[in-house]
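**Q** This is the structure, below, for whatever I ask next.
The values are calculated or read from the model by the stated rules, or taken from the named source; none is laboratory data. All of these numbers come straight from a predicted model, not from anything done at the bench. Here the Cβ is made from the backbone with ideal geometry for all residues, glycine too, and neighbour counts use every protein chain on show. Surface areas here come from the heavy atoms of the whole protein model, side chains and all, with no ligands, DNA or RNA. Shrake-Rupley method; radii C 1.70, N 1.55, O 1.52, S 1.80 Å.
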Amino acid sequence: MTKLLSLCIIYNLKPLSPAIQTAFARTQTTMAKPLLLYTSTTPNGYKVSTVLEELKAAYGTDVIDYDFEKIVLSTNRQKEPWFIALNPNGRIPVLVDRSHEPSPFAVFESAAILLYLVRKYDLEGRFTFPTGSDEESELLQWIFFAHGGIGPMQGQAHHFRHAAPEDIPYGKKRYTDETARLYGVLNIRLEGRDYLVGPGRGKLSIADLNAFPWVRLHQRAGIETLDAFPNVQAWLNRIAERPAVKAGLAIP
């Protein structure tokens, strides 16, 4: 409980107050599944649900299974004290590992959640690569590329096109152009490849599933078609047809 108690002090919450107990209430339920995902209908949320579904399909629910709870962002529930105790940044997704000993363990930041999941549950390395290998380094490079580039830039394109209180043409053009540039980087990488990382044509990994939920919303970012990025279009279609990915996109 050390991390939880520290957060209680920082946010002036009483340890094990009703708000904090709410955050971990399901850990006391015998029917609860080992993992609990707090998520919403956003690209960052879909990153985690698609990886969870791929892991379930690969290993079965005896190895990995989860509950989920939808956070309606417009209600600012993610800013309530019980949620801040799980993620001080007040953002989704958050994964709570209720099987963690001696107490539940919360993980925030979507890429960090993906790494936590594969390190604990990807027993055969189906979605990652051997520790210390060149492929593992490449995996991390492409995760960080998407996490520090595609997500923030495309997120800003979405904001200026759909949420800004006034029309700011410079903002729309700036972030749509940068998103397109980043798609161009993906297109170069995917020349002659099916996936971002791995020998030969590569294999599906968390690097792909970390970028896919953003790229599938390219029209929302002002990029009407992917005709200028044929390798990206083929990669997008390839991933979108996977049954586990379809299941992950149906959550929450």
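**Q** Which of the peptides 80-86, 60-66 is most tightly packed, and how do the rest follow, going by the mean number of other Cβ atoms within 10 Å of each residue?
**A** Highest mean packing first, the order is 80-86, 60-66.
**Q** Whenever you get a sec, compute what percent of the accessible area on the chain sits on carbon and sulfur atoms (1.4 Å probe).
**A** Ligands and nucleic acids excluded, carbon and sulfur give 54 percent.
**Q** Any chance you could look up the accessible area of residue 162 with a 1.4 Å probe, heavy atoms only, rounded to 10 Å²?
**A** That residue has around 100 Å² of solvent-accessible surface.
**Q** Give me the distance in nm between label points sitting 7 Å out from Cα along the Cα-to-Cβ direction at residue 72 and residue 224, one decimal.
**A** Each label point is offset 7 Å from its Cα along the Cβ direction, giving 3.5 nm.
**Q** Check cross-link reach from residue 33 to the lysines: straight Cα distance under 21 Å, and skip same-chain residues fewer than eight apart.
**A** 47, 56, 70, 120
**Q** Give me the percent of DSSP beta bridges within the chain that run antiparallel, rounded to the nearest 5.
**A** 65
**Q** If each DSSP helix of 4+ residues adds -39,500 (n - 2.57) and the sum is divided by the residues in the chain, what number results at 222 nm, nearest 500 deg cm²/dmol?
**A** The per-residue figure over the chain is -14500 deg cm²/dmol.
**Q** Continuing with this model, one more query. Find how much the distance from residue 238 to residue 164 grows on full extension, using 0.36 nm per residue of separation minus their present alpha carbon separation; answer in nm with one decimal.
**A** In short, 23.3 nm is gained.
**Q** Which value in nm describes the separation of the simple spin-label points at residue 101 and residue 173, placed 7 Å from the Cα toward the beta carbon?
**A** Between residue 101 and residue 173, the label points sit 6.1 nm apart.
**Q** Give me the mean projected area, in nm² to one decimal, of the convex hull enclosing the Cα positions of the chain.
**A** 14.7
**Q** If you filter region 52-141 for GluC sites (Glu not before Pro), then keep DSSP loop positions with at most 14 other Cβ within 10 Å, what is left?
**A** 124
**Q** Same structure again: When the dipole is taken about the Cα centre of the chain, and only Lys, Arg (+1) and Asp, Glu (-1) are charged at their Cβ, what size is it in debye, to the nearest 20?
**A** Charge dipole, the chain, about its Cα centre: 540 debye, nearest 20.
**Q** Which value, in Å² rounded to 10, gives the accessible area of residue 131 with a 1.4 Å probe and all protein chains present?
**A** 130
**Q** Accessible area per residue for region 55-205 in Å², computed with a 1.4 Å probe and the full protein assembly in place, what is it?
**A** With all protein chains present, region 55-205 gives 49 Å² per residue.
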